[in-house]
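What follows is a short report on a single structure.
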Amino acid sequence: MEVVRVAEGLWRWSTHHAEWRHEVGCVYYEAADAVVLIDPLVPEEPPEAARFWEALDRDVQRANVPVHVYITVFWHARSAGEIVRRYGGHLQVTSRARAANERRTGVAAGVFRPGDTLPGGIEALETGRGTEVLYWIPQHRALVAGDVILGADDGGLRLCPESWLPDGVD
């Protein structure tokens, strides 16, 4: 697991995803009114998982605000249900992806529409994929993407393949 402090109260971690057989990224954001985890994945290896839970337990207790889990795209539900249950938190998903996220997490989800402002002051932004959103964190001028924007081999960014988009979306 690799953890990077992006800014005060904004962290990104990556950990191995067994289904993809490589690292995936996740975000922790601590706002005045919420602890927000975006596309969270708890590490699989017991020592790393224990370190992860210890750190998250400490941060959630210190912040003393509600925990919200946001999902960019239903494929990224990952550990969302486990985290929501552990902290009595709230799963927040785009209305068009509610059923898929609830199936994957086993947790009832609160819904929003792109354009809504969410707890933490985060704005949900529409993508060309109806069940996927981007999250804008104004306080840090940070954009959190799921699969519509991907990492490139050269360390930059690239758009998802056109084959991932619905017909008629460029």
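The values are calculated or read from the model by the stated rules, or taken from the named source; none is laboratory data. Everything numeric here is computed off the predicted structure, so don't read it as measured data. Methodologically, a virtual Cβ is constructed for each residue, glycine included, from the backbone with ideal geometry; neighbour enumeration extends over all protein chains shown. Heads up: the accessible areas ignore ligands, DNA and RNA and are worked out on the full protein's heavy atoms, side chains in. Shrake-Rupley method; radii C 1.70, N 1.55, O 1.52, S 1.80 Å.
Annotations for the structure displayed:
- Top-ranked residue in the stretch 10-58 [being in contact (Cβ under 8 Å) with a residue 60 or more places away in the chain and not in a strand (DSSP E or B); ranked as nearest to Ala80 (Cα to Cα)]: Asp39
- The lone exception for Trp11 - which of (1) touching a Lys or Arg at 6+ places or on another chain (Cβ under 7 Å); (2) more than 12 Å from Ser79 (Cα to Cα); (3) of a type outside the set (D, E, K, R); (4) open to solvent by less than 30 Å² (accessible area, probe 1.4 Å) it fails: (4)
- Some residue of the stretch 65-85 being open to solvent by 60 Å² or more (accessible area, probe 1.4 Å), within 19 Å of Ala142 (Cα to Cα) and either of a type in the set (A, V, I, L, M, F, W, C) or touching a helix residue (DSSP H, G or I) at 6+ places or on another chain (Cβ under 7 Å) (or both): no
- Breaking point among (1) open to solvent by less than 30 Å² (accessible area, probe 1.4 Å); (2) touching a strand residue (DSSP E or B) at 6+ places or on another chain (Cβ under 8 Å); (3) not acidic (Asp, Glu), for Ala100: (2)
- Hits in the stretch 28-47 - residues which are open to solvent by 50 Å² or more (accessible area, probe 1.4 Å) and not small (Gly, Ala, Ser): Asp33, Glu44, Glu45, Pro46, Pro47
- Any hit, the stretch 95-107, residues being part of a loop (DSSP other than H, G, I, E, B), touching a helix residue (DSSP H, G or I) at 6+ places or on another chain (Cβ under 9 Å) and farther than 20 Å from Trp13 by Cα: yes
- Within the stretch 73-94, the set of residues being assigned to a helix (DSSP H, G or I) and out of contact with any Leu (no Cβ under 9 Å at 6 or more places or on another chain) comprises Phe74, Trp75, Glu82, Arg85.
- Among residues of the stretch 103-114, those that are open to solvent by less than 60 Å² (accessible area, probe 1.4 Å) and out of contact with any His (no Cβ under 8 Å at 6 or more places or on another chain), counted: 5
- Qualifying residue in the stretch 123-133 (condition: open to solvent by 30 Å² or more (accessible area, probe 1.4 Å), out of contact with any Pro (no Cβ under 9 Å at 6 or more places or on another chain), not in a loop (DSSP other than H, G, I, E, B) and not β-branched (Val, Ile, Thr)): no
- Condition broken by Ala50, with the remaining ones in (1) at pLDDT 95 or above; (2) of a type in the set (A, V, I, L, M, F, W, C); (3) open to solvent by less than 50 Å² (accessible area, probe 1.4 Å); (4) within 22 Å of Gly9 (Cα to Cα) satisfied: (3)
- Number of residues in the stretch 3-41 that are farther than 22 Å from Gly89 by Cα, among the acidic types (Asp, Glu) and over 16 Å from the mean Cα position of the chain (by Cα) equals 2.
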